[in-house]
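Data first, discussion second: the structure below is written as structure tokens.
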Amino acid sequence: MIRARGLTKTFSRRKEVVEAVKGIDVDVAEGELVAFLGPNGAGKSTTLRMLTSLLEPTAGEAQVAGYDVVAHPAQVRARLGFIGQGNGGGFSYKVVDELHNQGRFYGLAPAVYRERAADLMAALELSGLEKRAVQSLSGGQRRRLDVALGLMNHPPLLFLDEPTTGLDPHSRANLWEHITAMRERYGMTVVLTTHYLDEADSMAERVVVIDHGEIIADAAPGVLKHEHADDALTLVVSGGDEPAVRAAVPDGFGEVVVFPHDPSTGSGGPDGLRVRVATARGADALPGVIEAFRLAGLTTTSASVRQASLDDVFLNLTGRSLREEAAA
């Protein structure tokens, strides 16, 4: 569905040449849902603008939905849907008029765009809102209208640019339920950008991380977490001092941090020691650590596992947290 080779974009800023995208190679297979992640200014948005034919590459090539983005931009745009960060519907226009106009923009016959608008409104729980002005809709209803607008041409490829930004958790979950249903119904390929790492983790088959204009990681979320981040074991132990605790941790583990534990505050105080151990596959490793402490005469009074997250991966790869990027 997407094939890019050596995709490059440079900009001239006064006498300086800025290389925003540096020879990216990427493939997206038909039917995949791929998340593109990157810090602000990393080249992610520039890459997507080139893939959607909105920005001509300086060098390299890309075929999207079977067409070259430079030679046949109109054919590319006719075969993709795009849901941006802002609302697509005009505030003072009626919901049904916006959908019908979107159908007209794609050159659909009146009978076709009326039928598609009705189907999409029913599927996205917008029935009964046909005559409502867009500005009168709730935030969740507006985003569902954006999804309907992006699907009026039944695109084989859908771009979602931070589709749930600003929505409350319930509305986010509801919107994703509808997007997933529409993806299954139409068999679409989906390219997603988001600052919510849980969305990329749970929804995407692959995650592509872009930084400084280059792809620095491209794999399934589970693979990225295994290769670029550790789980964290947290145990509270008693019966020994810090050197004894450190000596009891088996070889082959990552960073070990030991500090006093106070059950009333969670830190500080003399009541045992809190131990944090970095490791891959933490749930599998935890029983062995507890047994090693027992053999060393230490008593484990509590234990927990925090699994590695995509934010850990992002931080380790780029030196920045995507949560911080979103806040910025």
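Computed from the coordinates by the stated procedures, all read-outs in this text should not be read as laboratory data. In this text the structure is predicted, and so the values were computed from the model without any measurement. Cβ sites come from the backbone with ideal geometry, for glycine too, and all protein chains shown count toward neighbours.
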Answer rounded, prolate or oblate for region 94-195, using the Cα gyration tensor with square roots of eigenvalues a ≥ b ≥ c: rounded when a/c is under 1.5, else prolate when a/b is larger than b/c, else oblate. oblate
Considering only the other residues whose Cβ falls under 13 Å of the Cβ of residue 204, what net charge follows from Lys and Arg at +1 and Asp and Glu at -1? -3
Suppose only helical runs count, i.e. DSSP H with n ≥ 4. What mean residue ellipticity at 222 nm does that imply for the chain under -39500 (n - 2.57) per run, divided by all residues and rounded to the nearest 500 deg cm²/dmol? -10500 deg cm²/dmol
Between residue 283 and residue 133, what is the label-point separation in nm under the 7 Å Cα-to-beta-carbon projection? 5.2 nm
Output the relative contact order of the chain, whole-number percent, from Cα pairs under 8 angstrom with separation of 6+ residues. 18 percent
Taking the alpha-carbon distance from residue 225 and a cut-off under 24 Å, which lysines remain once sequence neighbours fewer than 8 residues away in the same chain are dropped? 44
Dimensionless Rg/Rh of region 167-279, both radii on Cα and Rh by Kirkwood, sits at 1.17
13 Å beta-carbon shell around residue 169, net charge (K/R +1, D/E -1): -3
Tell me, what is the Rg over Rh of region 230-307, with Rh the Kirkwood radius over Cα pairs? 0.93
Let me spell out the model: positive unit charges on the Cβ of Lys and Arg, negative unit charges on the Cβ of Asp and Glu, origin at the Cα centre of the chain. What dipole size does that give, in debye rounded to 20? 1240 debye
Ranked highest first by the average count of other Cβ atoms within 10 Å around their residues, in what order do 134-146, 36-48, 63-75 fall? 36-48, 134-146, 63-75
On alpha carbon coordinates alone, what is the Rg over Rh value for the chain, Rh being the Kirkwood radius? 1.10
Sum up the charges of everything whose Cβ sits under 11 Å from the Cβ of residue 95, counting Lys and Arg as +1 and Asp and Glu as -1, but leave residue 95 out. +2
Order these peptides, 189-195, 305-311, by their mean beta-carbon neighbour count within 10 angstrom, highest first. 189-195, 305-311
Subtracting the Cα-Cα distance from 0.36 nm times the residue separation, let me have the gained length for residue 11 to residue 122 in nm, one decimal. 35.5 nm
Give the cross-link partners of residue 131 among the lysines, using a straight C-alpha distance below 19 Å as the criterion and excluding same-chain residues fewer than 8 apart. 94
Please state, to two decimals, what the Cα-based radius of gyration of region 1-95 comes to when divided by 2.2 N^0.38 Å (N = residues). 1.20
